[in-house]
Amino acid sequence: MICITGIPATGKTTICGMLNEHGIKCVSLNDVARDLNIIENEYIDIDELKKHKIDADVIESHYSHLLNCDLVIILYNDIDEIKKE
């Protein structure tokens with residue numbers, strides 16, 4: 001599985017959407033965690049998340065690199081560009 005990570009406002013969700021448009025299944029780990037009901041007070045139980053098989057080619061989140069990834073892509077951006085977001 002490919003994992004896309006990076007700080008907020010670097011384009012993770014945008015890239016995930018583009019991948020889906022091209023037939024590559026990309027999901028947000030936040031959505032997966034919500035579906036599995038493993039979010040408490042905005043914190044996600046990573047150990048519990050690791051117990052589940054995620055049906056996707058690519059996952060995106062600022063914590064996706066904590067899972068068992070075959071490849072991690074780290075997105076970054078200039079701080080001035082991030083401030084604009």
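Would you check if Ile73 is at pLDDT 95 or above, part of a strand (DSSP E or B) and either surrounded by fewer than 13 Cβ atoms within 10 Å (Cβ to Cβ) or not polar (S, T, N, Q) (or both)? The answer is yes for Ile73. Considering each residue of the range 42-52 in turn, none proves to be within 24 Å of Gly23 (Cα to Cα), charged (D, E, K, R), surrounded by fewer than 11 Cβ atoms within 10 Å (Cβ to Cβ) and modelled with pLDDT of 85 or more.
Polar (S, T, N, Q), under 11 Å from the mean Cα position of the chain (by Cα) and surrounded by fewer than 17 Cβ atoms within 10 Å (Cβ to Cβ): does that describe Thr13? Taking the combined requirement at face value, the residue satisfies it. For the range 24-40, check the following and say yes or no: at least one residue is in a strand (DSSP E or B) and of a type in the set (A, V, I, L, M). Yes: one or more hits. Against the criterion of being part of a loop (DSSP other than H, G, I, E, B) and either under 10 Å from the mean Cα position of the chain (by Cα) or exposed (fewer than 12 other Cβ atoms within 10 Å of the Cβ) (or both), Asp55 qualifies.
The values are calculated or read from the model by the stated rules, or taken from the named source; none is laboratory data. Note that this is a predicted model, so its numbers are computed, not measured. Backbone-built Cβ (ideal geometry, glycine too); neighbour counts: all protein chains shown.
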